[in-house]
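Report on the structure given below.
What follows draws every value from the coordinates through simple rules; no lab data is involved. Given the structure is predicted, the values throughout are model-derived calculations rather than measurements.
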Ligand SMILES: [Zn+2]
């Protein structure tokens with residue numbers, strides 16, 4: 001999971017030179033596939049669909065710097081990425097980060113820019129509308145964030161929207177969301193959704209709450225490798241305990 005790429009490491013942007021090094025390392029160690037291929041492998045595991053070295057690259061927030069700096073490097077390595085758009089912020093900037101230490105103002109792509117993203121290299125997913133934590137909203141408001149954002153992106157860029165990323169990675173535990181088509185209480189027909197919960201592995205149970213590995217601006221190449229070798233996998237257990245108490249508080 002990335003956010004932005006800049007010429008130097010700043011706020012939540014990885015330096016372009018580091019990003020290139022990271023992709024070069026990934027190319028040696030993983031098959032980088034579109035998120036849809038990864039989700040297929042999770043949902044329909046088979047020997048031909050071996051999960052062991054599959055990985056996907058995601059970028060939250062659809063920053064202009066994705067198109068300007070990340071995309072050319074991804075294309076150099078022939079890699080695919082999914083980027084998640086908060087539709088209420090199209091053409092605006094990351095105002096939700098204001099006040100955070102080291103805040104760096106970053107423009108969000110316009111629909112014109114989004115339409116120009118090469119389809120074989122980039123998939124656009126939804127990141128809701130207002131970029132707010134969904135656990136602060138009512139069920140109706142959450143439904144609007146999830147359903148309307150998808151419809152708006154599809155209308156404006158003319159491509160199907162299949163994936164959702166929870167703003168701030170926050171999952172609203174009060175409600176058992178159903179994001180997939182055909183399920184009761186369907187919220188808009190997404191194939192899968194991403195959190196910011198730590199994790200290198202996902203199973204079929206995680207389809208609506210996919211774990212990711214956060215790549216930070218200050219990561220050295222060794223830090224990056226450590227994250228992918230599993231040195232931080234203890235976070236999975238630590239965060240699971242935290243979530244257990246959150247669920248208890250939300251449901252009782
Ligand atoms: Zn975001």
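Summary of values
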read-out: Whole-number percent relative contact order across the range 13-97, with pairs defined as alpha carbons under 8 Å at least 6 apart; value: 32
read-out: The range 92-154: equivalent-ellipsoid semi-axes (sqrt of 5 x gyration tensor eigenvalues, Cα, Å); value: 22, 20, 8
read-out: Sorted largest first, extent of the chain alpha carbons per principal axis (Å); value: 47, 40, 39
read-out: GNM result for the chain, Cα springs below 10 Å: residue of 103, 224, 66 fluctuating most strongly; value: 103
read-out: Among beta bridges that DSSP assigns inside the chain, antiparallel share in %, nearest 5; value: 10
read-out: Relative contact order for the chain, counting Cα pairs under 8 Å that sit 6 or more residues apart, in percent; value: 17
read-out: Theoretical ellipticity at 222 nm over the chain - DSSP helices of four or more residues, -39500 (n - 2.57) apiece, nearest 500; value: -9500 deg cm²/dmol
read-out: Mean-position separation - Cα centroids, the range 90-144 and the range 195-252, in angstrom; value: 21
